[in-house]
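Report on the structure given below.
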Amino acid sequence: MFKKKSMFLVSVLLMMAVAITGCGGGSPAPVQNGSGEEGLSGVIAIAGSTSVHPLTEELTMAFMEQNRDVRIDVSGGGSGAGIESAASGAADIGMSSRALRDNETAGVQVVTIANDGIAMIVHPDNPIEGLELTMEQVYDIYTGVITNWSQVGGDDISMTVVSREEGSGTRGAFEEIVLGKDSPTERMTIQNSTGAVMAAVAADVNAIGYTSTGSLNDTIKVVPVNGAMPTVENINNASYPIFRPFIYILPEGEVGPIAEALVDFILSEEGQAIVAREKFIPIN
Amino acid sequence: MKKYINRGMEGVFFACASISVVVIVMIAYFVFREGMPIFFEHGVWNMISGRTWNPTREIYGLLPLIYGTFHVTFVALIIGVPLGLATAVFLAEIANDRVARIIRPAIELLAGIPSVVYGLFGMVVINEFMRVIQRDYLGNILPDDYKWGYSILSGGIILAIMILPTIINISEDAIRAVPYKYKEGALGLGATHFQTIFGVILPAARSGIVSAVILGMGRAIGETMALIMVVGNMPIIPDSFLYSIFSPVSTLTATIALEMGYADPTHRSALFAVGMVLFVIIALLNVAGILLNKRAVK
């Protein structure tokens with residue numbers, strides 16, 4: 001708590017500093033390179049996936065604590081918007097929670113900063129003792145072959161299938177991994193955020209859904225897939241099959257010194273420790 | 001000098017009044033400009049009659065969304081219009097001041113509640129209630145696809161509550177505007193109070209009541225947030241018409257609000273096309289309202 005408060009203070013001071021220098025000089029403070037001693041100063045903007053946003057917030061806070069003259073603005077908007085704004089230069093770094101499509105790769109380079117498991121979740125009172133699903137069953141649920149809990153060993157109760165909206169990074173990654181090129185069923189209720197999916201599953205004992213492992217809590221129950229829970233070890237040794245990369249998108253060629261230092265920081269041991277602390281999967 | 005000030009003030013007021021016209025033209029222009037390309041690309045009729053909405057696979061069928069919007073609105077009117085009319089008659093003809101002093105502020109409050117709060121109420125109370133009905137009471141009759149809790153009926157109930165203030169206020173005004181002579185005449189001929197209400201007052205107030213219904217319908221078609229939380233957002237047309245009110249659906253407005261954040265450029269254009277359809281529906285509704293009103297006045 002104290003840390004957050006002091007961070008807030010620091011960022012406010014930084015904002016004021018930027019405003020003052022902005023007024024006085026008329027040109028942004030020069031970025032110092034190479035001297036090492038003085039460090040970096042300036043402002044960069046990061047935008048994109050709402051799934052990557054909270055993690056980025058934590059990482060940039062730690063980074064700004066070490067580089068007090070740097071300010072980083074993080075905003076949401078979605079993976080699509082993140083990719084677009086990085087390509088167009090509207091943001092210095094774009095965030096995406098899905099791999100880029102072929103028509104999106106022009107003029108950009110990508111860095112994977114973490115992995116994120118996608119957990120299958122059900123209501124905590126789900127009556128099936130030791131419920132487990134195979135990848136085939138998850139495929140069948142989301143293609144509409146399985147519509148009743150009796151088909152996975154439960155009573156004759158209809159299944160409420162919860163999914164994310166078209167275009168969501170979580171849904172895109174989930175469908176790519178589970179469905180491949182096949183179309184999902186139309187018979188699923190659409191919720192437009194991680195929180196809304198969890199609320200929908202927590203509200204209905206018949207429900208099943210999927211969500212990022214970074215945001216799990218005890219209002220819902222996680223179901224093992226192929227016998228594995230979505231833990232760090234299981235994802236690293238690939239025994240848990242559903243996970244996706246968290247990606248930073250940078251312009252091709254020359255990258256600004258702050259963006260470069262930030263990426264180096266995130267990929268360092270220290271940065272990856274924050275990734276793990278936030279319940280995401282560090283990359284090696 | 002006075003004359004010039006007058007002229008000037010007239011000009012200022014005219015400019016203010018023009019802003020709404022300019023805004024509507026600009027909204028129409030931008031929505032149509034963004035939405036037209038995809039209509040040309042996929043064919044207007046193909047899109048409007050297409051039964052699958054799956055933008056990530058570039059299938060842009062709008063029929064399920066149009067269906068959902070109209071079915072939910074229809075249910076809302078079936079519930080909301082009789083309820084609203086009865087309330088208006090009660091307030092205008094029956095209630096004494098003390099009762100009206102309690103009911104009227106409650107209706108005002110109903111109009112002021114943000115739609116997301118209606119949505120929360122619907123999600124927690126109405127959908128839970130629907131689940132009990134669908135699974136426990138009708139569990140043996142309804143197919144599995146109609147047991148979600150998210151349903152056209154929940155959406156209709158929520159919308160009916162939301163359009164109540166519109167319907168009550170406008171039709172109460174219409175009822176009060178009926179000349180007192182009509183009522184005196186009917187009562188003088190020996191009609192009972194209720195015969196007077198149904199035989200004389202309501203028919204005489206019908207133009208106002210029609211406006212009330214049309215305005216309520218416009219509000220229902222445009223409602224977004226509350227519906228997102230209760231109808232399930234499933235772009236389908238139910239297989240069985242008999243059970244259809246228990247089926248989840250998606251609406252035009254909900255689809256735009258849900259999907260805009262993550263949409264790639266083509267998908268975005270498709271959502272603007274959805275906006276175009278909404279725009280046309282609302283425009284037609286207003287025209288119908290004006291025409292009906294004219295006829296009713298004659």
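The values are calculated or read from the model by the stated rules, or taken from the named source; none is laboratory data. Keep in mind that this is a model prediction, so the values were computed, not measured. Counting neighbours? That spans all protein chains shown, and the Cβs are built from the backbone with ideal geometry, glycine included.
Suppose the filter is more than 22 Å from the chain's Cα centre (by Cα), away from every other protein chain (no Cβ under 12 Å), of a type in the set (A, V, I, L, M, F, W, C) and surrounded by fewer than 19 Cβ atoms within 10 Å (Cβ to Cβ); does residue B:99 pass it? Judged against the criteria, residue B:99 is a match.
Among the residues that make up region B:68-82, is at least one of them within 14 Å of another protein chain (Cβ to nearest Cβ) and within 23 Å of the chain's Cα centre (by Cα)? Scanning region B:68-82 turns up at least one residue that is within 14 Å of another protein chain (Cβ to nearest Cβ) and within 23 Å of the chain's Cα centre (by Cα).
In region B:38-52, the residues that are within 14 Å of chain A (Cβ to nearest Cβ) reach residues that are among the hydrophobic types (A, V, I, L, M, F, W, C) and surrounded by fewer than 17 Cβ atoms within 10 Å (Cβ to Cβ) with C-beta atoms within less than 9 angstrom, at least six apart or across chains, in these pairs: B:50/B:59; B:50/B:63; B:51/B:63; B:52/B:59; B:52/B:63. From the list B:281, B:228, B:221, B:214, the one residue that fits, being within 11 Å of chain A (Cβ to nearest Cβ), within 17 Å of the chain's Cα centre (by Cα), assigned to a helix (DSSP H, G or I) and hydrophobic (A, V, I, L, M, F, W, C), is B:228.
Of the helices (runs of 4 or more DSSP H) lying entirely inside region B:1-101, those containing at least 3 residues that are in contact with a Ser or Thr (Cβ under 8 Å, 6 or more places away or on another chain) and aliphatic (A, V, I, L, M) are B:63-89.
Residues of region A:59-84 that are part of a helix (DSSP H, G or I), buried (at least 21 other Cβ atoms within 10 Å of the Cβ) and touching a Ser or Thr at 6+ places or on another chain (Cβ under 9 Å): A:79, A:80, A:81, A:82, A:83.
Only one of these is under 22 Å from residue B:148 (Cα atoms), within 14 Å of chain A (Cβ to nearest Cβ) and of a type in the set (Asp, Glu): B:239, B:264. Name it. So the residue among B:239, B:264 that is under 22 Å from residue B:148 (Cα atoms), within 14 Å of chain A (Cβ to nearest Cβ) and of a type in the set (Asp, Glu) is B:239.
In the condition set (1) closer than 15 Å to residue A:165 by Cα; (2) at the interface with another protein chain (Cβ under 8 Å from one of its Cβ atoms), residue A:185 is compliant with all but (2).
Residue A:77 meets the conditions (1) over 14 Å from the mean Cα position of the chain (by Cα); (2) at positive phi in every case but one. The failed one is (1).
Out of B:124, B:75, B:22, report the one residue that is surrounded by 13 or more Cβ atoms within 10 Å (Cβ to Cβ) and either in contact with a Phe, Trp or Tyr (Cβ under 7 Å, 6 or more places away or on another chain) or at pLDDT 95 or above (or both). Even if it seems obvious, please write down each step before you answer.
Working: B:124 fails: either in contact with a Phe, Trp or Tyr (Cβ under 7 Å, 6 or more places away or on another chain) or at pLDDT 95 or above (or both); B:22 fails: surrounded by 13 or more Cβ atoms within 10 Å (Cβ to Cβ).
Result of the check over B:124, B:75, B:22: B:75.
Looking across B:255, B:266, one residue alone is at pLDDT 90 or above and not charged (D, E, K, R). It is B:255. When residue B:244 is tested against the conditions (1) surrounded by 19 or more Cβ atoms within 10 Å (Cβ to Cβ); (2) touching a residue at least 60 places away in the same chain (Cβ under 8 Å); (3) within 26 Å of residue A:160 (Cβ to Cβ), the lone failure is (1).
Taking every residue in region A:100-115 that is over 17 Å from residue A:259 (Cα atoms) and pairing it with any residue that is of a type in the set (A, V, I, L, M, F, W, C) and modelled with pLDDT of 80 or more, at least 6 positions away or on another chain, the pairs with Cβ-Cβ distances below 6 Å are A:104/A:83; A:115/A:243; A:115/A:281.
Scanning region A:130-185 for residues that are β-branched (Val, Ile, Thr), within 20 Å of residue B:150 (Cβ to Cβ) and not in a helix (DSSP H, G or I) yields A:146, A:147, A:157, A:160, A:161, A:162, A:185.
Here residue A:185 meets each of (1) buried (at least 18 other Cβ atoms within 10 Å of the Cβ); (2) farther than 25 Å from residue B:264 by Cβ with one exception, condition (2). If the condition is being loosely packed, with under 15 Cβ neighbours inside 10 Å and away from every other protein chain (no Cβ under 14 Å), then region A:95-127 contributes A:107, A:109, A:112, A:124.
On the stretch given as region A:186-206, residues that are over 17 Å from residue B:225 (Cβ atoms) and not in a helix (DSSP H, G or I) total 6.
Taking residue A:138 as the residue in question, decide whether it is of a type outside the set (S, T, N, Q) and at pLDDT 90 or above. Judged against the criteria, residue A:138 is a match. Count of region B:118-132 residues, restricted to those that are facing another protein chain (nearest Cβ under 10 Å), free of Cβ contacts under 8 Å to residues at least 60 places away in the same chain and out of contact with any Gly (no Cβ under 8 Å at 6 or more places or on another chain), is 1.
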